[in-house]
Amino acid sequence: MRDYKLGVIGDPIDHSLSPKIHNLFAKETEITIDYQPYHVLPENLDSFIKDFFINGGDGLNVTLPHKINCLRSARDLSPLVKLIGAANTLTYSRSSEEIVAESTDGEGLLGDLIDKFKLFSKNETNVLILGAGGAALSIIPSIEYASLGDIILDNRSQEKIQSLINRFDNDDKSNYGFPSKKISHRLYNIDNFDRDIDLVINATSAGFSGPFKWHRELNVNSKTAFYDLSYSSSEEKTPFLEWASQYSDNYYDGFGMLINQAALSFTLWTGSSPDTEITKADLFND
Ligand code: NDP
């Protein structure tokens, strides 16, 4: 079996957990990888990506601030990437000799939501997404695809909500790149939604300094589930989950999503699906 030349690019990059995660995947699947973190400045992005793949690279993860601009270096964009305009995984296709861009965040989140909450399989689930930035954008299609309920959007800057609704709330979902399925529910601005919310997803960076606060009361109750895309390095709650715990004891942080989206990248590169049972202790305790 050949060795895979892989890495993650970002600015900054020191904080990235991807090298550790992928090395755990490699050990478990007995695949040999050389996975390095690369600090790439915006002005060097295109030349770095092209050089990496010309020099035998197999795959790159892409983190902030390059998720949008990395598309300029890729020739083949997946339908989902075309829709959301961002990618977190670049793969070199040896057959077409092209760089292929994919986004695994949405599917990674979905896998964790199904695993943790057993949602979506049978019940109508109304999902409220807080935030209208890059993370919200990248998860909406997957939630739309999986949920039988409605999707409700709220954001600190209200003017950004309508543009997200316009982008996704249409009858033609053929451009999502998912297996064919009729998606008939709606996206709502929270101002126009007065029913109970089953799941609240925090896709904001609110709470990064100080406690989490939200600018309005939400229609939640003790049965509502809460999920934070951010995660802590321990069993300690994130500020959003600290806030959520006043309503419900059904909440999780985004550590599972982090592992899942990495596993999906690993599979794209190597064809092998690693075990995603990595714990926080595996990554943070040493
Ligand atoms: P962006 O900068 O694109 O968007 C930030 C969002 O947070 C905006 O909606 C912004 O609102 C909102 N926001 C920021 N500060 C506040 C505040 N004080 N109060 C209320 N709202 C606020 O960031 P991303 O979308 O890329 O990332 C959002 C979060 O998702 C980050 O915490 C990131 O770490 C996490 N994430 C986790 C992943 C995982 O694998 N677990 C993967 C991807 C992201 P406004 O529009 O008003 O500025």
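The values are calculated or read from the model by the stated rules, or taken from the named source; none is laboratory data. A quick note: this is a predicted structure, and the numbers were derived from the prediction, not measured. Here the Cβ is made from the backbone with ideal geometry for all residues, glycine too, and neighbour counts use every protein chain on show. Heads up: the accessible areas ignore ligands, DNA and RNA and are worked out on the full protein's heavy atoms, side chains in. Shrake-Rupley method; radii C 1.70, N 1.55, O 1.52, S 1.80 Å.
Listed conditions (1) of a type outside the set (Phe, Trp, Tyr); (2) assigned by TED's automatic domain parsing to the domain that holds Leu110; (3) part of a loop (DSSP other than H, G, I, E, B) are all met by Glu277, apart from (2). Each residue in region 14-25 was checked for being touching a strand residue (DSSP E or B) at 6+ places or on another chain (Cβ under 7 Å) and touching a residue at least 40 places away in the same chain (Cβ under 8 Å), and 3 of them qualify. Among the residues of region 56-70, those that are open to solvent by 60 Å² or more (accessible area, probe 1.4 Å) and in contact with a strand residue (DSSP E or B) (Cβ under 8 Å, 6 or more places away or on another chain) comprise Leu64, Pro65.
Restricting Leu41, Leu17, Leu24 to residues that are closer than 18 Å to Gly271 by Cα and open to solvent by 20 Å² or more (accessible area, probe 1.4 Å) narrows the list to Leu24. Here Ser230 fulfils each of the conditions (1) buried (at least 16 other Cβ atoms within 10 Å of the Cβ); (2) away from the ligand (no atom under 11 Å from the Cβ); (3) part of a loop (DSSP other than H, G, I, E, B) apart from (2).
The residues of region 261-286 that are more than 15 Å from the ligand (Cβ to nearest atom) and either open to solvent by 40 Å² or more (accessible area, probe 1.4 Å) or more than 30 Å from Arg2 (Cα to Cα) (or both), listed by number, are Thr267, Leu268, Gly271, Ser273, Asp275, Glu277, Thr279, Ala281, Asp282, Asn285, Asp286. In the set (1) outside the structural domain of Gly59 (by TED's automatic domain parsing); (2) under 12 Å from the mean Cα position of the chain (by Cα); (3) within 13 Å of the ligand (Cβ to nearest atom), the condition left unmet by Thr89 is number (1). Residue count for region 77-106 under the criterion of being modelled with pLDDT of 95 or more and among the charged types (D, E, K, R): the result is 3. Take the residues of region 102-128 that are away from the ligand (no atom under 16 Å from the Cβ), of a type outside the set (Ser, Thr, Tyr) and open to solvent by less than 20 Å² (accessible area, probe 1.4 Å): which is farthest from Tyr35 (Cα to Cα)? Looking at residues that are away from the ligand (no atom under 16 Å from the Cβ), of a type outside the set (Ser, Thr, Tyr) and open to solvent by less than 20 Å² (accessible area, probe 1.4 Å), I get Asn126.
Just so you know, in region 191-206 the residues that are within 16 Å of the ligand (Cβ to nearest atom) and open to solvent by 20 Å² or more (accessible area, probe 1.4 Å) include one that is farthest from Ala244 (Cα to Cα), and it is Asp191.
Checked against (1) open to solvent by 10 Å² or more (accessible area, probe 1.4 Å); (2) among the aliphatic types (A, V, I, L, M); (3) closer than 23 Å to Glu124 by Cα, Leu258 passes all but a single condition, namely (3).
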